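The values are calculated or read from the model by the stated rules, or taken from the named source; none is laboratory data. All of these numbers come straight from a predicted model, not from anything done at the bench. We place every Cβ from the backbone using ideal geometry, glycine too, and count neighbours over all the protein chains shown. What goes into the accessible areas is simple: the full protein's heavy atoms, side chains included, and nothing from ligands, DNA or RNA. Shrake-Rupley method; radii C 1.70, N 1.55, O 1.52, S 1.80 Å.
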Amino acid sequence: MKQPLLIANWKMNLDVGETVKRIRACIRLLSAVQEKADIVICPSFIGLLRVQSLLKHHPQCSLSLGAQDCAWEKEGAYTGEVSPVHLEQIGCRYVLLGHSERRQFIRETDAMVAKKFSAVLSYSTLIPVVCVGETASERKKDKTEKIIRSQLQPILNQHPPSDHRRIVIAYEPVWAIGTGIPATPRDCARVSSFIRKFVKSNSLWRNHYPDFFILYGGSVKAENVHDFIANQNSDGALVGSASLDPQTFITLIKNASN
Ligand code: PGA
């Protein structure tokens with residue numbers, strides 16, 4: 001049985017001072033919890049170094065660090081971009097790729113996300129977390145599987161890494177993100193199983209399949225997290241707003257660990 005993976009996406013919500021305050025609170029609260037989950041926090045870029053130095057001073061704390069995005073090159077003239085190599089150097093273990101807010105507001109395409117995925121695998125040992133999911137209108141037209149297939153195919157056209165590192169796919173229906181209306185556990189189970197089959201059917205990735213984690217994201221709360229990971233509906237959750245308050249997030253971790 002995989003231990004659930006819970007990833008907190010803090011988006012652009014907190015300045016550095018507030019990020020540090022909340023990480024300190026998470027470290028304190030976690031020390032009293034016997035969590036049986038892998039926990040990752042993704043603060044904004046400007047908070048990463050401070051968080052990493054805090055975590056260094058608390059080696060007993062099991063929190064891992066993640067970035068919310070990265071560049072598709074290792075270095076060079078790419079103003080404003082952040083290299084996956086540099087993220088790894090400062091202690092990141094995970095990186096989100098293709099979050100729907102980036103697809104929507106920055107116009108990131110499937111091809112761009114695939115290039116980032118390839119750079120992460122080629123130049124770093126970071127664990128990529130590729131976000132996929134349909135919009136409300138695509139869902140209405142019954143296009144969920146078609147959309148997810150087109151988002152995943154360019155990723156699966158890449159060669160798997162030779163190290164058996166974890167690869168994470170987060171199913172995040174766009175209509176469920178930040179709306180308070182999550183998918184049903186049944187929808188989550190159906191789409192997760194579709195993603196599993198799709199990965200397994202790919203000849204390049206078939207042998208790498210056991211290292212895939214499928215997460216659910218979109219209005220996950222302390223009260224519903226267990227529904228999404230029960231019966232292996234998914235291997236964990238990507239959590240936005242419910243991860244911002246340390247006490248609430250720790251309750252969510254406890255509920256997911258039970
Ligand atoms: P939410 O965000 O939990 O606030 O819906 C999830 C996400 O954007 O990853």
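The phi torsions of the range 158-166, fed into the Karplus equation with coefficients 6.51, -1.76 and 1.60 and a -60° offset, translate into couplings of 7, 7, x, x, 6, 6, 7, 7, 5 Hz, rounded to whole numbers, with Gly and Pro shown as x. Two decimals is fine: what is log10 I(q)/I(0) at q = 0.09, 0.11, 0.15 Å⁻¹ for the range 139-258, from a Debye sum with one equal scatterer on every Cα and no solvent? With one equal scatterer per Cα and no solvent, log10 I(q)/I(0) is -0.26, -0.39, -0.71.
Each residue of the range 187-202 was assigned a 3J(HN,Hα) from its phi angle through the Karplus expression (A = 6.51, B = -1.76, C = 1.60, θ = phi - 60°), giving 4, 4, 5, 5, 6, 4, 5, 4, 4, 4, 5, 4, 5, 5, 7, 8 Hz with x at Gly and Pro. Using a 1.4 Å probe over the heavy atoms of the protein chains, calculate the carbon and sulfur portion of the accessible area of the chain as a whole percent. Solvent-exposed carbon and sulfur of the chain make up 51 percent of the total. Compactness ratio for the range 79-212: Cα radius of gyration over 2.2 N^0.38 Å (N = residue count) comes to 1.06. For the cross-link pairs LYS36/LYS197; LYS116/LYS221; LYS74/LYS143; LYS21/LYS254; LYS36/LYS74; LYS141/LYS197, the ones whose C-alpha atoms lie over 31 Å apart are LYS74/LYS143; LYS36/LYS74. Taking every alpha-carbon pair under 8 Å whose residues sit at least 6 apart, the chain reaches a relative contact order of 21 percent.
May I have the pair-distance distribution P(r) for the chain, computed from all Cα-Cα distances with 10 Å bins from 0 and rounded to whole percent? Cα pair-distance distribution for the chain, in percent: 7, 33, 38, 20, 2, 0.
Using the Karplus relation 6.51 cos²θ - 1.76 cosθ + 1.60 with θ = phi - 60°, the per-residue 3J(HN,Hα) values for the range 16-28 come to 5, x, 5, 4, 4, 4, 6, 5, 4, 5, 4, 4, 5 Hz, with x marking Gly and Pro.
Electrostatic bookkeeping for SER83 treats Lys and Arg as +1 and Asp and Glu as -1; over the other residues with beta carbon under 12 Å from its beta carbon, the sum is -3.
Using a 1.4 angstrom probe, figure out how much accessible area the chain has per residue, in square angstrom, rounded to the nearest whole. Could you put the intermediate results ahead of the total?
Working: 12100 Å² over 258 residues.
Computed with neighbouring chains in place, this is 47 Å² per residue.
P(r) tail for the range 208-258: Cα pairs beyond 18 Å make up 26% of the total. Taking amide H atoms as placed 1.01 Å from N in the peptide plane, the amide H of GLY236 lies under 5 Å from those of LEU5, TYR216, each 5 or more residues away in sequence or on another chain.
For the range 1-76 versus the range 185-241, the inter-centroid distance based on Cα atoms is 21 Å.
Annotation: amide H of ALA170 within the under-5 Å range of VAL130, CYS131, VAL132, LEU215, sequence separation 5 or more or interchain, hydrogens built in the peptide plane.
The gain in end-to-end length when the ASN231 to ASP245 segment is fully stretched comes to 2.3 nm, 0.36 nm per residue minus the alpha carbon separation.
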